[in-house]
Amino acid sequence: MLPSQLLGALAVLVSSANAFKTFEGAARDSAQQAVIPGQFIVQVAASSLLKRDEADTVLDNVLNRLRSAPRVKAKPRKSYREPRLFTGAAITVEAAVTAEDILSVEGVERVWPVRRVSRPTPVYASDSPASSSSTSAPVSAEQLLTLAEDNNATLFRRGSTLSRRSTAATDTWNPHVMGQVDVAHTKGWTGQGVKIGIIDTGVDWKHPILNLATSVAPCFGPGCLISFGYDFVGDNANAGAMDPDPYTDCTEHGTHVTGIVAAQDNSFGFSGVAKGAQIGHYRVFGCTGESSTDVVVEALMRAYQDGCNIVSLSLGSSGGWVDSDPSSVLVAKLNSLGVVTTVSAGNERTEGLFWTDAPAATLTGISVGSVDVTSLPAYTANILLRGTIPILAALPLPITDTLVVYFLSTDPTKTDDGCDALPAGLDLSGKVVVIQRGTCLFTDKMSNAAAAGARVALIYNSATGGDMPYFGTQDTGLEAVASMRREDGLKLLAFYKQNPRSLRMNFPTGPLATDATNTISGGLVSEFSNSGPTNELYGQPSLVAPGGSIFSTIPLALGGVDILSGTSMAAPYIAGASALLLSARKSEKLTPAQVRSLLVTTAKYTTSSLESGSSLETTVLQGGGLVQVVDAINAKTLITPYELQLNDTAYFKGVQTITLENRNPYAVKYTFSHVASRSLGAYDKAAKTSVLPSLDPQEINAAASVSFGARVVTVAAGKTTNVKVTIKAPTISAATASRFPVYSGFLIINQAASGQKSQRYTVPYFGVAARMFDAPILDSTSTYSGNYETGLKYPFLTDYDRVQVGPSSMAFTKSVGVTLFARLAQGTRMVTVDLVLGSSTFIPTIPSTNNAGLATRMLRRSPNSSASPSSSLHDTSSLLDVHDFSFDSNSTDFSSELNPLVRRAAGSSGPLYSATSILGRIYTGTELPRDYAVENSGPAWSDAQITFHGRYQPDPTKPATVSAANSKEYRLLLRALKITGNPLYEASWESFLSPPFTFSS
């Protein structure tokens, strides 16, 4: 993180800003699109040492001043009254009110815009239609349990005691085996006495698997499994529709997450990680749509007030910077107050390295990535006289008959099997139709089979296919659909070739199968799981847990159970593991930092592929590795820090100290060694020329070397020792360094004591073999802007019809305005757009002539399409000013507990930033993530569109604005602060000076 003097300098620059505008267009900026105009969260200067009534008085006084301030006239919507955690409010203001106006009110300490929080959604295969559920058909409690029962099982009926098969001594559930939860359960560790709060989309607490065995009927409240919580939004996401009951049956995510933590024993054979814990659920999403940061803050505060020991959040949005929004700040504060937080790392791995989400990107919380299960959820299908195969489905197929099998093609190399309409005379009535994956959507294959009369479709994997998804019939007319591993499809094909006319199979009900080994990605970091680190080079994620292909509960109205994937599924697993740890070691009163250290340093690192001899996965994808909860419970050595962050080459921190605290009742001998994990290039080619980060980072030969002050140390019982660690950065060529290699590895600490079982600990480390200061910030390529007009490069000016390519001036009207299109190739602490005279002699890093080779062209109305009246870019003339200001210029405690990336800043020489003559400020943004390349909603990529209608602030410290003169030449000056740059100096900024323009009216 930037040191305090630089943050102070940055705060001075921010305080002179006018507005942070939000602009809707064909592509949207990843930071700007989330801002809700006219809504802010304020924090007041109320000491955490104040009593509740004293803090209330402070807040009430500030709110009164906000109401009466002439430039503000705020309308408070929510108040946050917990002096130990957060004292502040969510307010609504008129469009013209800026953060500076709010900050000018006495007693306001910090201001954030309220941002939308994206709805958490599972990850789907690219050839699979996104669906709310692969089961979808409503079931009753009795029907659900019947599907998985054998003939001797006891059904759940209302008014009777719920009897289930006990798995306490026989937990063989694959995700539990992967993380040693099965062993913990056999020892009786189930999270007893721990309160876990889940912040999500609501929960179906009427679900029989989410009720205690002692419950006579489904229940919510004291004495029930889900015993507390709150609904902050209601079904229609109306922030005023609050209810103490978080029940919902319209969305699956929150119920699925809750089941991962707390599902009770059942005949499906799975249970929750912390099935003995007390569960609370806080609903912050309605049936559809997004939530917002003010609601998440409210839920975090309620969880603290309800006495939660652990809070789990499977939600977030692009961030890139530590503590960049109020929910991140509250997560860190909760940790300081003794509450463990587990947050999903995010599902945007296809964006490349340096892509982290908020609030996962905190310094003190636990950020959780995902690994795929090693055994896929499946059911057994019988092939008459041939044996059995596993089929991949959330529920047993609702087929009681024995059906004839038909393969659309017996050629296992056919790539478009089932993609075309089947021959008109082909009658597949009553048959099981088997189709190979490839070329077209699954729904196309299903629909074609259904049109020929098929009852069931089984789709098996192609030779090059990734993980097979789970899906339902998708309204295709089929009675049932399931997927198969390739090996099972080929096995069935071999039987079919021997008996193509009368091969038959059936689909019995019963418990889940155990023979569907995941031979593609089992145990590997999931292909969707986010890649760290943050822009300041803090490690994300902390560790990984099972999150790919997870079987759990969903509302009965949506099918009762389903298989979903995402880091959303991994975070509650770690919440449960934390509960097992806290419960088993209750007397030690472990702190959140100690919980994180124990879980991370006892985790098991994973490889980068299933091939023999493959390298270990980078620590910026797996953190410390796959959680091993029993090892964490048994570990009596506490290691600090839990991870070594080496920074970049400019501020390399190669000499560090590991502290070992021996809590064993006997002396322990520790032996140190090291293993490297794979290094990845953040860019495909030299960053300076390629500009855009790689979307598929490739392995680079760049390993660090490690030495220790002592290879072996012995620590007496109850004592602590320090060990010096020296890490030498990789020796690489300039060409390799230009790709920004992220290298990593693990320190290995083996513990041994006479007559005692040995234990191994690992400490992950990572660094960047380049200067972060040199990472390009502004996109100056045509890769994405070329969707508007072939060859067009960012940044550029337009009125949504013409593009100003210069060098001569172009006239615009004030009613339409002139719009600056820009895009961030990397995150930045600050972006500014200023109005300057057309005669400005400023020399930018991106020349005004960047598009000089293009003729003045008509801008396409929408990307990747021809101009048409129905697809025009959105007019931004009526959009509101919103300012994003989250720095506290009065704070001096910026790095006392941190390992800052910089102790000084690059670019701290030459002309000052303030030396450039400007007419006024148009736009300011702070702590911005880089723009999307492939994971944005709507168009896959995003950019910023900043429209100027002629009004600006000549004095940035005063609210008065003036209008630009007609017929006078102006230019727009765009500047973006480099990572680790000193904002006081112009050399720390990338810049673009637009071609000249005038206003005609």
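The values are calculated or read from the model by the stated rules, or taken from the named source; none is laboratory data. Not measured: the values here are computed from a predicted model. No Cβ is skipped: glycine too gets one built from the backbone with ideal geometry, and neighbour counts run over all protein chains shown. For accessibility, only protein heavy atoms count, side chains too; no ligands or nucleic acids. Shrake-Rupley method; radii C 1.70, N 1.55, O 1.52, S 1.80 Å.
Just a few scattered comments:
- P(r) tail fraction, the stretch 488-610 - alpha-carbon pairs more than 16 Å apart, %: 76
- Separation of alpha-carbon centers, the stretch 469-485 and the stretch 936-1001, rounded to whole Å: 52
- The 1.4 Å probe gives accessible areas that order PHE228, PHE442, largest first, as PHE228, PHE442.
- Accessible carbon and sulfur surface of the stretch 378-506 relative to its total accessible area, %, 1.4 Å: 48
- Accessible area (Å², per residue) of the stretch 639-772, counting only protein heavy atoms and a probe of 1.4 Å: 43
- Beta-bridge orientation, the chain: approximately 70 percent antiparallel, per DSSP, counting only bridges with both partners inside.
- Within the stretch 35-116: Cβ-based charge dipole about Cα centre, in debye rounded to nearest 20 (Lys, Arg +1; Asp, Glu -1): 340
- Rounded to the nearest 10 square angstrom, VAL712 shows an accessible area of 80 square angstrom against a 1.4 Å probe.
- Size of the stretch 378-506: Rg and Dmax of its alpha carbons, in Å, are 13.0, 34.
- Projecting label points 7 angstrom from Cα along Cα→Cβ for MET242 and GLN143 puts them 3.7 nm apart.
- Rounded Å value of the spacing that divides the Cα centres of the stretch 170-185 and the stretch 698-738: 34
- Globularity index of the chain is 0.96 (Cα radius of gyration / 2.2 N^0.38 Å, N = number of residues).
- The mean sequence distance of close C-alpha pairs (under 8 Å, at least 6 residues apart), as a share of the length of the stretch 378-506, puts its relative contact order at 31 percent.
- The residues of the stretch 312-413 have, on average, 24 Å² of accessible surface per residue, using a 1.4 Å probe with all protein chains present.
- Furthest towards positive pole of dipole, LEU441, VAL456, THR402, structure part the stretch 378-506, Cβ charges: THR402
- Label separation (CYS287 vs ASP416): 4.1 nm, computed from points 7 Å beyond Cα along the C-beta direction.
- Extension gain, THR721 to ARG951, is 76.5 nm, computed as 0.36 nm per intervening residue step minus the present C-alpha separation.
- Computed from the C-beta positions of LEU441 and THR841 and an R0 of 56 Å, the FRET efficiency is 0.50 to the nearest 0.05.
- Cα pair count fraction exceeding 24 Å, expressed as % - the stretch 639-772: 38
- With all protein chains kept in place, the per residue accessible area of the stretch 35-116 amounts to 43 square angstrom at a probe of 1.4 angstrom.
- Here the gap between ASN701 and THR689, fully extended at 0.36 nm per residue and compared with their Cα-Cα distance, gives a gain of 2.2 nm.
- Förster-model FRET efficiency, 25 Å R0, ALA915 and SER967, C-beta, rounded to 0.05: 0.30
- Solvent-accessible area, 1.4 Å probe, carbon plus sulfur percent, for the stretch 639-772: 50
- Cut-off 15 Å between beta-carbons: net charge of the residues surrounding ALA965, Lys and Arg +1, Asp and Glu -1: +3
- As a fraction of the 1.4 Å probe accessible area of the stretch 35-116, surface on carbon and sulfur atoms comes out at 48 percent.
- R0 of 30 Å, Cβ-Cβ distance ASP427-GLU487: FRET efficiency to nearest 0.05: 0.50
- For the chain, the relative contact order is 15 percent, taking Cα pairs closer than 8 Å that sit 6 or more residues apart in sequence and dividing their mean separation by the residue count.
- Taken along the Cα-to-beta-carbon direction at a fixed 7 Å, the label points for GLN305 and ARG84 span 1.4 nm.
- A cut-off under 11 angstrom between Cβ atoms defines the neighbours of LEU695, and their net charge, with Lys, Arg +1 and Asp, Glu -1, is -4.
- Prolate/oblate/rounded label for the stretch 542-686 (Cα gyration tensor, a/c 1.5): oblate
- Highest to lowest packing among 670-680, 406-416, scored as the average C-beta count within 10 Å: 670-680, 406-416
- Ordering GLY88, ALA55, LEU103 by the projection of their Cα atoms onto the charge dipole of the stretch 35-116, which places +1 on the Cβ of Lys and Arg and -1 on the Cβ of Asp and Glu, puts GLY88 at the extreme positive end.
- Karplus-derived 3J(HN,Hα) values for the stretch 543-550, using 6.51 cos²θ - 1.76 cosθ + 1.60 with θ = phi - 60°, are 6, 10, 8, x, x, x, 6, 9 Hz; glycine and proline are entered as x.
- Working from Cα pairs under 8 Å separated by at least six residues, relative contact order for the stretch 639-772 is 36 percent.
- Whole-Hz Karplus values for the stretch 991-1000 come out as 8, 9, 9, 5, x, x, 8, 10, 9, 8 Hz, taken residue by residue from phi with 6.51 cos²θ - 1.76 cosθ + 1.60 and θ = phi - 60°; glycine and proline positions read x.
- Distance violations [Cα-Cα > 21 Å] among LYS604/LYS636; LYS793/LYS814; LYS414/LYS491; LYS653/LYS719: LYS793/LYS814; LYS653/LYS719
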